[in-house]
Amino acid sequence: MSVRRIVMLGAPGAGKGTQAQLLAERLGIPHVSTGDMLRASVKAGSEVGRKAKTVMESGELVSDEIVIAIAEERLRQADAEKGFVLDGFPRTLAQAEALDAMLEALGTSLDCCLALTVDTDEVVGRLLRRAEMEGRADDNEASIRVRMKAYDNQTAPLLGYYRSRDLVAEVAGMGTIDAVSDAVEQALT
Ligand code: AMP
């Protein structure tokens with residue numbers, strides 16, 4: 001597979017994290033999750049973590065300024081030179097534009113936006129199950145509704161942004177992890 005600079009897009013609970021990680025392992029490139037990085041900052045009690053904590057718990061988006069800075073720092077590391085699977089970034093148009101500018105400055109560009117599609121009812125069910133299993137502070141019903149709205153209003157428009165550049169590959173996110181993972185692989189070949 002020559003597609004190595006990938007953005008994974010999908011509603012909260014669509015299975016982005018799982019599929020991004022599997023794909024990154026298969027391609028031998030880093031899985032870059034801004035959600036994971038933010039959770040690590042919250043845990044470490046850093047300045048970024050303190051700023052992000054309440055926003056994340058509410059289900060709203062952390063500011064573009066903070067997220068763009070952490071994504072940029074990560075993508076500038078040597079292991080991301082050969083490619084990456086971005087999970088949860090970009091989530092706004094400003095972030096998508098910043099990503100383009102960042103890659104251009106590095107002399108490269110995105111290869112693909114993999115869009116995982118799911119049924120909203122199934123997504124809410126998945127998120128509630130994950131809440132029980134992982135005890136994530138942002139997996140309660142109120143926060144899930146806020147996250148869905150943030151996705152619809154701020155992130156879903158990115159599909160149009162990437163579609164206009166013919167970068168979108170859609171994959172149905174329903175089904176077993178293996179079945180979706182196979183579909184992801186097919187979509188990239
Ligand atoms: P995730 O693990 O990707 O679902 O992210 C968990 C939470 O972290 C989100 O609900 C946001 O509050 C925050 N977050 C993660 N990535 C971003 C991003 N690219 N832009 C803004 N907020 C983000």
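Miscellaneous remarks
- When each of L127, L38, L103, L99 is tested for being touching a Ser or Thr at 6+ places or on another chain (Cβ under 6 Å), of a type outside the set (S, T, Y) and in a helix (DSSP H, G or I), the lone residue that passes is L103.
- Residues that are on the phi < 0 side of the Ramachandran plot, within 11 Å of the ligand (Cβ to nearest atom) and either at pLDDT below 95 or among the β-branched types (V, I, T) (or both) within segment 59-99 comprise V62, I66, V67, I68, I70, T92, listed in sequence order.
- K16 at pLDDT below 95, within 10 Å of the ligand (Cβ to nearest atom), closer than 29 Å to E185 by Cβ and not aliphatic (A, V, I, L, M): yes
- Looking only at residues in segment 67-107 that are without any contact (Cβ under 8 Å) to a residue 24 or more places away in the chain and among the aliphatic types (A, V, I, L, M), the one that is nearest to A40 (Cα to Cα) is A69.
- Meets criteria (polar (S, T, N, Q), buried (at least 19 other Cβ atoms within 10 Å of the Cβ) and within 18 Å of the chain's Cα centre (by Cα)) for Q154: no
- Failed item, numbered, when D139 is tested on (1) touching a residue at least 60 places away in the same chain (Cβ under 8 Å); (2) of a type outside the set (S, T, Y); (3) touching a Lys or Arg at 6+ places or on another chain (Cβ under 9 Å): (1)
The values are calculated or read from the model by the stated rules, or taken from the named source; none is laboratory data. None of these values were measured; they are calculated from a predicted model. Quick reminder, even Gly has a Cβ in these numbers, built from the backbone with ideal geometry, and neighbours come from all protein chains shown.
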